[in-house]
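See below for the structure under consideration.
The values are calculated or read from the model by the stated rules, or taken from the named source; none is laboratory data. Because the structure is predicted, anything quoted here is derived from the model rather than measured. We place every Cβ from the backbone using ideal geometry, glycine too, and count neighbours over all the protein chains shown.
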Amino acid sequence: MQITQLLRWVKSPIVSRRRKAIRRLVKNSLRDPTKVDEIFNMVLEGTNDPDESVRITAIKSLVELSLTYQRFLPDVMDTLLKMFEDDSPQVKSVVLNGLAKIISVNKELFNDNVQSIVEVGLNSPDTNVRIAALNSLAIIANFNTDVLLKNLETVLSCMEDPNPLVRRNSIEALLTSVDLLSDADIAKIWNILLSALKDPSCEVRKNALEFLHKLLEKEKMELNDNVINEIRKKLRDDAVPVKSEALALVSKLIDKNPYLADKFLDIISRESLLKEKNLNFKLQVLEFLKESVKKIPSSILNRHNIPRSLDIVEKNTVPKSPKREKIKRLARYILEDLLGYTYEIRKKMWGS
């Protein structure tokens, strides 16, 4: 479609044509910059369109243009700040997402006006606006933690929001500043965090485990039987990403105290090695054992039958795919090279 026709469509009474014209014009300008100034002005006019969907398309297109042609960034930033006054919550959320994209590549553009609308967005009654505001806050907090700490109470309230994406994004925002949280701040978060481990959303559960991981790295995590039991449950989670994050946390715990392996190896031996159907997670378990078995006391490994479980995995895995071949090879390597269970010893002990 010719640019001249697209420029006519921008003025079309048909909404779908106006949207399509804006998208096509921007796409053309990214390939051929000779008309980019004219196109930029046409797209800018689209932010005043009476139709919400056209305004949203124009905002997204302006952000895309400004990230390619950075001379437009000041004008686009001003436009986004103005467009946050739009009556449409959907427009507000698109504005916040656009600001987040721009600031993620050019943090110098962050200012008090951006901070102000993010704070307004955090308290919005609209779910999509809160999600977008938390996303923006997480990006800003990577270089300006004061904004997060100032709005900590609001972020904590978002951790208990009815919407799972709000809950997920609130934890993601907090993850950027774990090392700056005081003991009092962590005390406020703690019970909410433990509840998040039981959240219906697997993404929230995963983020809660990642938060625990960060606390452990910063030596700010209180490890007790309740926490250990929750981590054990997550090793059995239905969602592989949650199990994967739980295993990473267990690995870190064992790095700090190898005797803690006694709390988790029963699940890893009987379930993760012998019953797990997901090949990627089983590989992760074997990689974990490869890195950990030399640290863990042999009495603990034997108590939980880790050598025997590895023997069964190696024996029963048919290498009919690259992943299965790697599983078989890793199990044998851990058994023979790291634990000293040669084929002869295994055959004598277990009839392998």
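Where in region 202-266 are there helices (runs of 4 or more DSSP H), lying wholly inside it, with at least 2 residues that are β-branched (Val, Ile, Thr) and on the phi < 0 side of the Ramachandran plot?
Once the helices (runs of 4 or more DSSP H) in region 202-266 are filtered for at least 2 residues that are β-branched (Val, Ile, Thr) and on the phi < 0 side of the Ramachandran plot, what remains is 225-235, 240-256.
Among Asn226, Asn207, which is modelled with pLDDT under 95 and more than 23 Å from Lys295 (Cα to Cα)? Lay out the reasoning, then the answer.
Working: Asn207 fails: modelled with pLDDT under 95.
Residue meeting the stated conditions: Asn226.
Among the numbered criteria (1) touching a residue at least 24 places away in the same chain (Cβ under 8 Å); (2) in contact with a Leu (Cβ under 9 Å, 6 or more places away or on another chain), which single criterion is violated by Arg232?
All conditions pass for Arg232, except number (2).
Please determine whether any residue of region 26-40 is at pLDDT 90 or above and assigned to a loop (DSSP other than H, G, I, E, B).
no
Please enumerate the residues belonging to region 302-347 that are out of contact with any helix residue (DSSP H, G or I) (no Cβ under 7 Å at 6 or more places or on another chain), among the β-branched types (Val, Ile, Thr) and closer than 17 Å to Glu276 by Cα.
Ile312 - this is the single residue of region 302-347 that is out of contact with any helix residue (DSSP H, G or I) (no Cβ under 7 Å at 6 or more places or on another chain), among the β-branched types (Val, Ile, Thr) and closer than 17 Å to Glu276 by Cα.
For Ala138, are the conditions met, namely being of a type in the set (A, V, I, L, M) and exposed (fewer than 14 other Cβ atoms within 10 Å of the Cβ)? Even if it seems obvious, please write down each step before you answer.
Working: of a type in the set (A, V, I, L, M): yes; exposed (fewer than 14 other Cβ atoms within 10 Å of the Cβ): no.
In short, no.
In region 311-352, which residues are touching an Asp or Glu at 6+ places or on another chain (Cβ under 9 Å), of a type in the set (Ser, Thr, Tyr) and touching a residue at least 12 places away in the same chain (Cβ under 8 Å)?
Once the filter is applied, which keeps residues that are touching an Asp or Glu at 6+ places or on another chain (Cβ under 9 Å), of a type in the set (Ser, Thr, Tyr) and touching a residue at least 12 places away in the same chain (Cβ under 8 Å), region 311-352 yields Thr317, Tyr341, Ser352.
Collect the residues in region 104-126 that are of a type in the set (Asp, Glu), closer than 26 Å to Ser182 by Cα and either surrounded by 18 or more Cβ atoms within 10 Å (Cβ to Cβ) or over 23 Å from the mean Cα position of the chain (by Cα) (or both), keeping them in residue-number order.
Pass one, region 104-126, residues of a type in the set (Asp, Glu): 108, 112, 119, 126.
Right, trim to closer than 26 Å to Ser182 by Cα and you get 112, 119.
Scanning region 104-126 gives a single hit, Asp112.
Looking at region 1-29 only, could you name the residues that are in contact (Cβ under 8 Å) with a residue 12 or more places away in the chain, among the hydrophobic types (A, V, I, L, M, F, W, C) and more than 20 Å from Met77 (Cβ to Cβ)?
Across region 1-29, the qualifying residues are Met1, Ile3, Leu6, Leu7, Trp9, Val10, Val15, Ala21, Leu25.
How many residues does region 154-192 contain that are part of a helix (DSSP H, G or I) and without any contact (Cβ under 8 Å) to a residue 24 or more places away in the chain?
Residues of region 154-192 that are part of a helix (DSSP H, G or I), as a first pass: 154-158, 164-175, 178-180, 183-192.
Among the residues that remain, those that are also without any contact (Cβ under 8 Å) to a residue 24 or more places away in the chain are: 157, 184, 187, 191.
Within region 154-192, residues that are part of a helix (DSSP H, G or I) and without any contact (Cβ under 8 Å) to a residue 24 or more places away in the chain number 4.
Under 7 Å by Cβ, and 6 or more places apart or on different chains, what pairs join a residue from region 238-257 that is surrounded by fewer than 19 Cβ atoms within 10 Å (Cβ to Cβ) with one that is among the aliphatic types (A, V, I, L, M) and part of a helix (DSSP H, G or I)?
Here the result reads Lys252/Leu216, each pair linking region 238-257 to a residue that is among the aliphatic types (A, V, I, L, M) and part of a helix (DSSP H, G or I).
Condition first: over 23 Å from Phe211 (Cβ atoms) and surrounded by fewer than 23 Cβ atoms within 10 Å (Cβ to Cβ). Can you find one or more residues in region 127-135 that meet it? Give the derivation first.
Pass one, region 127-135, residues over 23 Å from Phe211 (Cβ atoms): 128-129.
Adding the requirement that they be surrounded by fewer than 23 Cβ atoms within 10 Å (Cβ to Cβ) leaves 128.
Yes - at least one qualifying residue is present in region 127-135.
If I ask for residues that are closer than 21 Å to Arg71 by Cβ and surrounded by 17 or more Cβ atoms within 10 Å (Cβ to Cβ), which ones from region 4-40 would you list? Even if it seems obvious, please write down each step before you answer.
Here is the first cut: in region 4-40, the ones closer than 21 Å to Arg71 by Cβ are 22, 25-40.
Hits for region 4-40 are Ile22, Leu25, Val26, Asn28, Ser29, Val36, Ile39, Phe40.
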